[in-house]
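Comments concern the structure below.
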Amino acid sequence: MLYYRLARPNVHIRFPFFVYQKVRITGPGSVFIDRFCAVYPNLFEGLTIETLTPTAKVSIGQNCALGGLTIRCRDHVTLGERCLTANSLIQDCLFLHPGKVTSKSIDHLALVPAPVKIGDNAWVAAQCCLLTGSRLGMDSVVALGANVYQDEVKEFHLASGNPLGRPVPISSVLRLTRLRS
Amino acid sequence: MKRYIACLRGKLFAQWCALRGHRIRIGPGLQLYCKLDIRGPGLVEIGSNCQVHSIWGGSKPYVTIYTHSPESHIFIGDNAMLVAVRISSRFSIRIGNDILIEEAGISDTDFHSIDRDRSMPLDETTSKCAIQIGNRVAIGAKSFVCKGVNIGDDTVVAPGSIVTRSLPTGIFALGNPARSLAK
């Protein structure tokens, strides 16, 4: 915290911040991490935040457990409070070097970054990718290996699949589990 | 300034590779913004005006190009941009011109058999496992290109995709296994 306070004025981390694995924050954009966040080791990775433009903004709410998370931001990436993340990637642009994509098979609007917003108490499991324009509602869960691209996951829904299938209400899943047991 | 240093680094690297023998051939204009790790007994050819970049957040933040047999051949075309790519070859990997590959893995072998002994797979051959990636292809972060895949020209592979089957020309592919995204 002290290093970022002295050397990187665009990075603001509020006390207390618990760090159990390496944290790397680079780039010209601004980063805000609220109080009581913790970085746990997850698949040997810590927290990596890379802002790719001076106007990029990453905002992480209170009480988040960030394990092995990689955030690459061109526009805005917002995590709510009490989010739980594992070794996953949040990238608000399709490609880090969009100028190099010369293929005509993609609409160049798709290369424009769109904000990624994650609601309070969301759980992002390991090996997920949350890409351009993803929106996770409060209390939602993204299952292992899912790939969210320009999709919205509503409140208290479970999303899985690569590409993402239709999110399922968690209340239905819990009801089925209780019926089986 | 960074570009000048990258060009100088590229020239020094190309000369050092030339001293190492004929198994690594680098074209003019290579720009190294990070470490380029080339290992193995096979032949590696990199075209002209290629750029090698790093990105943090993956297992290794630099580019690794490994050959695993003397017969293996990795060919990368002109104007390629490689960002923390991991390329492993036992047979043949050909990558076209004007490509962008970000933080992806490309391997033309499974390394291990699914049988109990986990030895080298015996049924792999160059014709079955060689990888061919066309021109103007873009492959996103955390993707993987498996053996025997042929990716057509102008195809875009979204981040997080696993390419297990060949992809035609000019599509946008996403998923595991990667398939054309109808949006």
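The values are calculated or read from the model by the stated rules, or taken from the named source; none is laboratory data. Computed from a predicted model, the values in this text were never measured in an experiment. Cβ: placed from backbone, ideal geometry, glycine included. Neighbour counts: every protein chain shown. These area figures cover heavy atoms from the full protein model, side chains too; ligands, DNA and RNA do not enter into them. Shrake-Rupley method; radii C 1.70, N 1.55, O 1.52, S 1.80 Å.
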Completion exercise
All conditions in (1) more than 14 Å from every other protein chain (Cβ to nearest Cβ); (2) surrounded by fewer than 18 Cβ atoms within 10 Å (Cβ to Cβ); (3) in a loop (DSSP other than H, G, I, E, B); (4) not charged (D, E, K, R) are true of B:P177 except (1)
Completion exercise
Of the residues in segment B:19-30 that are open to solvent by less than 70 Å² (accessible area, probe 1.4 Å) and farther than 14 Å from B:D78 by Cβ, the one that is modelled with the highest pLDDT is B:I24
Practice task
State whether the residues of segment B:138-150 include one that is on the phi > 0 side of the Ramachandran plot, within 9 Å of another protein chain (Cβ to nearest Cβ), assigned to a loop (DSSP other than H, G, I, E, B) and under 16 Å from the mean Cα position of the chain (by Cα).
Solution key: yes
Problem - Subset tally (residues that are farther than 30 Å from B:D78 by Cβ and either open to solvent by less than 30 Å² (accessible area, probe 1.4 Å) or of a type in the set (S, T, Y) (or both)) for segment A:130-140 - result: 6
Exercise for the section: Please tell me if A:L84 is within 14 Å of chain B (Cβ to nearest Cβ) and without any contact (Cβ under 8 Å) to a residue 60 or more places away in the chain. Expected result: no
Handout entry: Subset of segment B:163-183 (residues that are farther than 22 Å from A:H97 by Cβ and touching a Pro at 6+ places or on another chain (Cβ under 9 Å))
Key = B:T164, B:R165, B:G175, B:N176, B:R179, B:S180
Handout entry: strands (runs of 3 or more DSSP E) contained in segment A:1-108 and holding at least 1 residues loosely packed, with under 15 Cβ neighbours inside 10 Å
Key = A:17-19, A:23-26
Problem - Residue identified as without any contact (Cβ under 8 Å) to a residue 12 or more places away in the chain and charged (D, E, K, R) among A:D92, A:D107, A:D120 - result: A:D107
Problem - B:S143, sole failed condition from (1) open to solvent by 10 Å² or more (accessible area, probe 1.4 Å); (2) among the hydroxyl-bearing types (S, T, Y); (3) closer than 26 Å to B:G42 by Cα - result: (1)
Practice task
Quickly run through segment A:84-142 and pick out the residues that are closer than 26 Å to B:L167 by Cα and touching a helix residue (DSSP H, G or I) at 6+ places or on another chain (Cβ under 7 Å).
Solution key: A:L111
Exercise for the section: Of all residues in segment A:109-127, count the ones that are open to solvent by 10 Å² or more (accessible area, probe 1.4 Å) and more than 23 Å from A:K22 (Cβ to Cβ). Expected result: 11
Exercise for the section: Could you tell me whether B:S92 is within 12 Å of the chain's Cα centre (by Cα) and among the hydroxyl-bearing types (S, T, Y)? Expected result: yes
Fill in the blank from the handout: Exactly one of B:D98, B:D78, B:D117, B:D154 is within 14 Å of chain A (Cβ to nearest Cβ), surrounded by fewer than 19 Cβ atoms within 10 Å (Cβ to Cβ) and not in a strand (DSSP E or B), and that residue is B:D78
Completion exercise
Being at pLDDT below 95, surrounded by 21 or more Cβ atoms within 10 Å (Cβ to Cβ) and within 25 Å of B:C34 (Cα to Cα) narrows B:G105, B:G160 down to just B:G160
Fill in the blank from the handout: A:W123 meets each of (1) touching a strand residue (DSSP E or B) at 6+ places or on another chain (Cβ under 8 Å); (2) over 20 Å from A:P41 (Cα atoms) with one exception, condition (2)
Completion exercise
Checked segment B:163-172 for anything crowded, with 18+ Cβ neighbours inside 10 Å and either touching a helix residue (DSSP H, G or I) at 6+ places or on another chain (Cβ under 9 Å) or facing chain A (nearest Cβ under 9 Å) (or both); matches are B:I171, B:F172
Fill in the blank from the handout: B:I55 passes all but one of the listed conditions (1) surrounded by fewer than 23 Cβ atoms within 10 Å (Cβ to Cβ); (2) within 14 Å of another protein chain (Cβ to nearest Cβ); (3) more than 27 Å from B:Y4 (Cβ to Cβ); (4) of a type in the set (A, V, I, L, M, F, W, C); the exception is number (3)
